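Data block below; observations after.
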Amino acid sequence: MNKRLLTAVLLSLILLGAGLMQATAASAETIRIGATPLPHAEILETLVPVLAEQGITLQVIEFTDYVRPNLALQDGDLDANYFQHQPYLDQFNADHGTDIVSLAGVHIEPLGVYSSRLESIDEVDTGARVSIPNDATNGGRALLLLQEAGLIEVDPDAGIVPSVFDITANPLNLRFFELEAAQLARSLEDVEIAVINGNYALEANLVPTQDSIFLEGAESPYVNILAVRAEDTEDPALLALAAALNSDAVRDFITTRYPDSVVPTF
């Protein structure tokens, strides 16, 4: 092979390599997703290598509250989030004028009543202090759970978002303290009972099926969802993430890592 031909071949190979690199870069996607640490971020981390095989980089950004992940998503700082259930998202959209929708349902985290002082829900006594979430949907969910436990009655006209002002019967004169959901586990030393969301119970090393004194049933409508902006529901990378979250591998991870504490819904 003469020098001129060799040079032409090498040049062709260089151009081909550059073209392949450009094609790879063009097809690569990055998803920035917000999530609360447990179980959401932990579940998502298992999908990093799965999505990488499809040319998608998954960046998981952890949040410890229920407000910033939606604001960051609406503002474009995130591409998706995974931490909330549909009733909470509906209320958030109504309150903040956001346009965020569910792309996939993934799991239920049973809401539970916990206590560091009592062994049974039947031990709750007159004047007991009760801490519940301070957002409308989870606070309402907590009150409905306490009604199911027989401690209070709420106005049925309030639907799934009753407030403490909708309590129609409180025979034990329970005293309610509304706190940010992330603070409820810390309140256990200051109250007789606390109604704690499943993810924050897990972060506090509480096992819902073992440590709660009353637990929400599996028929709960509060399915945790993958949420995106309304205009992104057809985005191929986000659809790939939704499919991965509804895969057998994720179901197996949830049931193994969080047996009876987190329930897959797919």
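In this structure, is THR98 outside the structural domain of VAL228 (by TED's automatic domain parsing) and modelled with pLDDT of 95 or more?
It is false that THR98 is outside the structural domain of VAL228 (by TED's automatic domain parsing) and modelled with pLDDT of 95 or more.
Tally the residues that are in contact with an Asp or Glu (Cβ under 9 Å, 6 or more places away or on another chain) and either not in a helix (DSSP H, G or I) or not small (Gly, Ala, Ser) (or both), restricting the search to region 221-240.
Summing the residues that are in contact with an Asp or Glu (Cβ under 9 Å, 6 or more places away or on another chain) and either not in a helix (DSSP H, G or I) or not small (Gly, Ala, Ser) (or both) in region 221-240 gives 9.
Residues being more than 12 Å from VAL50 (Cβ to Cβ) and without any contact (Cβ under 8 Å) to a residue 60 or more places away in the chain: count how many of those fall in region 237-266.
Qualifying residue count, region 237-266: 6.
Among the residues of region 204-251, how many are within 22 Å of SER120 (Cα to Cα) and of a type in the set (Phe, Trp, Tyr)?
Selection size over region 204-251: 1.
Would you be able to tell me the number of residues in region 156-168 that are surrounded by 11 or more Cβ atoms within 10 Å (Cβ to Cβ) and at negative phi?
9
Take region 207-220 and flag every residue that is in a loop (DSSP other than H, G, I, E, B) and at pLDDT below 95.
Within region 207-220, VAL207, GLU216, GLY217, ALA218, GLU219, SER220 meet the criteria.
Okay, residues lined up against (1) assigned to a helix (DSSP H, G or I); (2) within 25 Å of PHE266 (Cα to Cα); (3) at pLDDT 95 or above:
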{"residue": "GLN59", "(1), (2), (3)": "no, yes, yes"}
{"residue": "ASN70", "(1), (2), (3)": "yes, yes, yes"}
{"residue": "ALA94", "(1), (2), (3)": "yes, no, yes"}
{"residue": "GLY105", "(1), (2), (3)": "no, yes, yes"}
{"residue": "ASP125", "(1), (2), (3)": "no, no, yes"}
{"residue": "GLN147", "(1), (2), (3)": "yes, no, yes"}
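With (1) over 21 Å from PRO110 (Cα atoms); (2) assigned by TED's automatic domain parsing to the domain that holds GLN74 as the list, and PHE253 as the residue in question, which single condition is left unmet?
With (1) over 21 Å from PRO110 (Cα atoms); (2) assigned by TED's automatic domain parsing to the domain that holds GLN74 applied to PHE253, the lone miss is (1).
Quick one: in region 57-96, which of the residues that are without any contact (Cβ under 8 Å) to a residue 60 or more places away in the chain and touching a Pro at 6+ places or on another chain (Cβ under 8 Å) is surrounded by the fewest Cβ atoms within 10 Å (Cβ to Cβ)?
GLU62
In region 1-56, which residue that is among the hydroxyl-bearing types (Ser, Thr, Tyr) and at pLDDT 95 or above is farthest from TYR258 (Cα to Cα)?
Only one residue tops the list, namely THR30.
I want to confirm something. Restricting to region 107-123 and keeping residues that are part of a loop (DSSP other than H, G, I, E, B) and either within 19 Å of the chain's Cα centre (by Cα) or modelled with pLDDT under 95 (or both), which single residue is nearest to TYR82 (Cα to Cα)?
GLU109
Within region 77-115, how many residues turn out to be in contact with a strand residue (DSSP E or B) (Cβ under 9 Å, 6 or more places away or on another chain), under 28 Å from LEU146 (Cβ atoms) and not hydroxyl-bearing (Ser, Thr, Tyr)?
Number of matching residues: 16.
Which pairs turn up if I take residues in region 152-165 that are in the same structural domain as PHE176 (by TED's automatic domain parsing) and look for partners that are surrounded by 15 or more Cβ atoms within 10 Å (Cβ to Cβ) and acidic (Asp, Glu) with beta carbon separation below 6 Å, at least 6 apart in sequence or on another chain?
Within 6 Å, the pairs are VAL154/ASP166; ASP155/ASP166; ALA158/ASP166.
The values are calculated or read from the model by the stated rules, or taken from the named source; none is laboratory data. None of the values given here were measured: they were computed from a predicted structure. All Cβ positions, glycine included, derive from the backbone under ideal geometry; neighbour counts span all protein chains shown.
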